[in-house]
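Notes follow once the structure below has been shown.
The values are calculated or read from the model by the stated rules, or taken from the named source; none is laboratory data. Note that the structure is a prediction, hence the values are computed from the model and not measured. FYI the Cβ positions are ideal-geometry reconstructions off the backbone, even for glycines, and counts take in every protein chain you see.
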Amino acid sequence: MPKWFMPLAGINAVMFGAAPFLIARADYESTMGLVQKIFYFHMPSASMFLLSAVVCGVASARFLFRGSPRQDRLAYAAAELAVLFGAITLVTGPLWARKAWGVWWAWDVRLTSSLMGWMVAWAYLLVRKYGGPGSDKLAAGLALFGMANVPFVYISVNYWRTIHPKTSVVPTLPADMGAALWFSFACFLLLFVLLLRVRVHLEEQRAKLDSLYLSLDE
Amino acid sequence: MRLSQTRATETRRQGALLALLLIVLVSAPAVVPACAAESRGDGAASQQPQPQPQPGPPAATDEFVPISQLPAQDQLPAAPLLVTAYAFVWLALFGYLLSVGRRLGKVQREVDRLESDIAKGTRT
């Protein structure tokens, strides 16, 4: 692992320890009250979910067109993170919606397209695990569709009639709510970078293991 | 003659009674509501404009509404949902870290074992 990894991991742990205090100090939203504070972890995890899908898609495209195994390892790692952050998004969202909207789930464009993106990430992992020979390229094709879904998820709230808050909410946040949100966002972004690096390292070690077995066979 | 005078007197009496009865019947719809209003205490004085009530302290609560009678959305306490959401985030992240650490440790041990085997020139 690189030298920068452990200091950054320590900083990230301190940041995650401080985030709840900033979130607690932020004002209550006028209509939703306490439950709106789920937003401070929901939105950053959703952003990391979309970022993971983009990283996975770009790396998969480079793997498909250039055949770089390094890009394939990066795509595999990013797909796993898309499943992780997607799960966080799809669990915290309904917990918030239950109080704010009165229902756990609505077949809204934003929610449905997010669920589709998460299922594509799952499909990528399942193809990689059970697809047999050639599954890496098949999964890379799936990742392209996963990436194509990302802009659709993002703009859906602005173009379709939906009950999900629009993207225009974030720039209009008052100072204390904005500080809590962007601090949480920084926490999740750093965590994403660290987890991606660890997960890529795991794939590198697996590749090394394969090459060791091959060298033993020869 | 006397008989005819008696009949005429009786006829006039009956006519007077009928006239009285007609007067009572015609005037009753107008008189009865007025009497009823008089008995309720909102007679002619109540026709005058009432002074506007002055704003005062809020009225005392005369009934408690159980929370079960509110709409389902308003009955939900927010705290358990918030705690569940944050607990899930922490559990998911720690669970994933543990999973990656365990997988990495397993692969690392196997790599170390193979490297030492190759160094010794044997395979176990």
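Are there any pairs with C-beta distances below 9 angstrom linking a residue in the stretch A:38-52 that is closer than 15 Å to A:GLU80 by Cβ to a residue that is part of a helix (DSSP H, G or I) and among the acidic types (Asp, Glu), with the two at least 6 apart or on different chains, and if so which?
Taking only residues 6 or more apart or on different chains, the pairs are A:SER52/A:GLU80.
Can you tell me which residues in the stretch B:93-116 are closer than 17 Å to A:ARG199 by Cα and touching a Phe, Trp or Tyr at 6+ places or on another chain (Cβ under 9 Å)?
Result: B:LEU93, single match.
A:ALA87 fails exactly one of the following numbered conditions: (1) crowded, with 20+ Cβ neighbours inside 10 Å; (2) within 14 Å of another protein chain (Cβ to nearest Cβ); (3) not aromatic (Phe, Trp, Tyr). What is the number of that condition?
Single failed check for A:ALA87: (1).
Exactly one condition in (1) within 14 Å of chain B (Cβ to nearest Cβ); (2) outside any helix (DSSP H, G or I); (3) crowded, with 18+ Cβ neighbours inside 10 Å is not met by A:ILE163; state its number.
Among (1) within 14 Å of chain B (Cβ to nearest Cβ); (2) outside any helix (DSSP H, G or I); (3) crowded, with 18+ Cβ neighbours inside 10 Å, A:ILE163 violates only (3).
Can you tell me which residue within the stretch A:166-180, out of those that are without any contact (Cβ under 8 Å) to a residue 40 or more places away in the chain and outside any helix (DSSP H, G or I), is farthest from the other protein chains (Cβ to nearest Cβ)? Talk me through it step by step, then tell me what you get.
The initial filter retains those residues of the stretch A:166-180 that are without any contact (Cβ under 8 Å) to a residue 40 or more places away in the chain, namely A:166-169, A:171-173, A:175, A:178.
Now drop any that are not outside any helix (DSSP H, G or I), which leaves A:166, A:173.
Details: A:LYS166: 21, A:LEU173: 19 Å.
Of everything passing the filter in the stretch A:166-180, A:LYS166 is farthest from the other protein chains (Cβ to nearest Cβ).
Report yes if some residue within the stretch A:119-137 is in contact with a helix residue (DSSP H, G or I) (Cβ under 9 Å, 6 or more places away or on another chain), among the polar types (S, T, N, Q) and under 28 Å from B:PRO77 (Cα atoms); otherwise report no.
no
Do we have A:GLY146 as out of contact with any Leu (no Cβ under 8 Å at 6 or more places or on another chain) and either more than 17 Å from A:LEU64 (Cα to Cα) or touching a residue at least 60 places away in the same chain (Cβ under 8 Å) (or both) here?
yes
Pull up the stretch A:165-202, narrow it to residues that are of a type in the set (D, E, K, R) and at pLDDT below 95, then point me to the one that is farthest from A:LEU8 (Cα to Cα). Full working, then the answer.
Narrowing the stretch A:165-202 to residues of a type in the set (D, E, K, R): A:166, A:176, A:197, A:199.
Retained after the next criterion (residues that are at pLDDT below 95): A:166, A:176.
Values: A:LYS166: 33, A:ASP176: 25 Å.
Among those that are of a type in the set (D, E, K, R) and at pLDDT below 95, it is A:LYS166.
How many of the residues making up the stretch A:99-115 are surrounded by fewer than 21 Cβ atoms within 10 Å (Cβ to Cβ), in contact (Cβ under 8 Å) with a residue 12 or more places away in the chain and either of a type outside the set (Val, Ile, Thr) or touching an Asp or Glu at 6+ places or on another chain (Cβ under 6 Å) (or both)?
Step one: list which residues in the stretch A:99-115 are surrounded by fewer than 21 Cβ atoms within 10 Å (Cβ to Cβ), which gives A:101-109, A:112-113, A:115.
From the residues that got through so far, the ones that are in contact (Cβ under 8 Å) with a residue 12 or more places away in the chain too are A:101, A:106, A:108-109, A:113, A:115.
After this cut, where a residue has to be either of a type outside the set (Val, Ile, Thr) or touching an Asp or Glu at 6+ places or on another chain (Cβ under 6 Å) (or both) as well, the list is A:101, A:106, A:108, A:113, A:115.
Selection size over the stretch A:99-115: 5.
Anything in the stretch A:181-210 that is within 25 Å of A:ARG25 (Cβ to Cβ) and away from chain B (no Cβ under 13 Å)? List them, or say none.
A:LEU181, A:TRP182, A:PHE183, A:PHE185, A:ALA186, A:LEU189
When only residues in the stretch A:26-48 that are surrounded by fewer than 22 Cβ atoms within 10 Å (Cβ to Cβ) and at the interface with chain B (Cβ under 7 Å from one of its Cβ atoms) count, which is farthest from A:CYS187 (Cα to Cα)?
Filtering first and then ranking leaves A:GLY33.
Please go through the stretch A:153-207 and give me each residue that is within 19 Å of the chain's Cα centre (by Cα) and of a type in the set (Val, Ile, Thr), ordered by number.
A:VAL153, A:ILE155, A:VAL157, A:THR167, A:VAL170, A:VAL193, A:VAL198, A:VAL200
Within the stretch A:56-84, which residues are more than 16 Å from A:PHE145 (Cβ to Cβ), surrounded by 18 or more Cβ atoms within 10 Å (Cβ to Cβ) and more than 10 Å from chain B (Cβ to nearest Cβ)?
Answer for the stretch A:56-84, where residues must be more than 16 Å from A:PHE145 (Cβ to Cβ), surrounded by 18 or more Cβ atoms within 10 Å (Cβ to Cβ) and more than 10 Å from chain B (Cβ to nearest Cβ): A:GLN71, A:ASP72, A:ARG73, A:LEU74, A:TYR76.
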